[in-house]
Every structure is written in C-alpha cells, then in structure tokens.
Amino acid sequence: MPVNVIQLIEEAIEYERMAAERYRQGAQAADDPETRTLFEQLVRWEEDHERILHERLTTLKLIRGQQ
C-alpha cells in the first residue's frame, strides 16, 4: 500500500502540536525551575518541528500543484 506523504506530514504536524501542548502542561505543573525549563525547551523544539514540517508540506503542495 503506497504511503500518502502529504497525509503523513499533516498527521506529524498534529502530533507535534499535541506534544507541545503536553509539554506546556508539564511546564505549568513543574515544581522546580529546572523541570519547568526542560519542558519549555521541549515546547520550543516541538514548535520548531511543526514549522519545519509546515514548510515541507507547503513545498510539496506547490510541487504537486495542490493548495
């Protein structure tokens, strides 16, 4: 069965959003500054991943003539 790359990237973007939200919750619940800082860094990483995936998705759609 062939993989739909665009669908896969769209799902990955959603996973990144969900992970970032969980890490935000972790940062809010953290009892110590070090743990809070760790979760905040994880949020930034997930947001970076989401941005990269969005860029690739946009490029693929342009190449394929999709919107």
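Listed values, structure above:
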quantity: Residue in the stretch 35-58 that is free of Cβ contacts under 8 Å to residues at least 24 places away in the same chain, in contact with a Lys or Arg (Cβ under 8 Å, 6 or more places away or on another chain) and not β-branched (Val, Ile, Thr) present; calculated: yes
quantity: Which numbered condition Arg56 misses (of (1) exposed (fewer than 13 other Cβ atoms within 10 Å of the Cβ); (2) part of a helix (DSSP H, G or I)); calculated: (1)
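Where a number appears in this text, it was derived from the coordinates with a stated rule and is not lab data. Quick caveat: nothing in here was measured; it's all calculated off a predicted structure. Cβ sites come from the backbone with ideal geometry, for glycine too, and all protein chains shown count toward neighbours.
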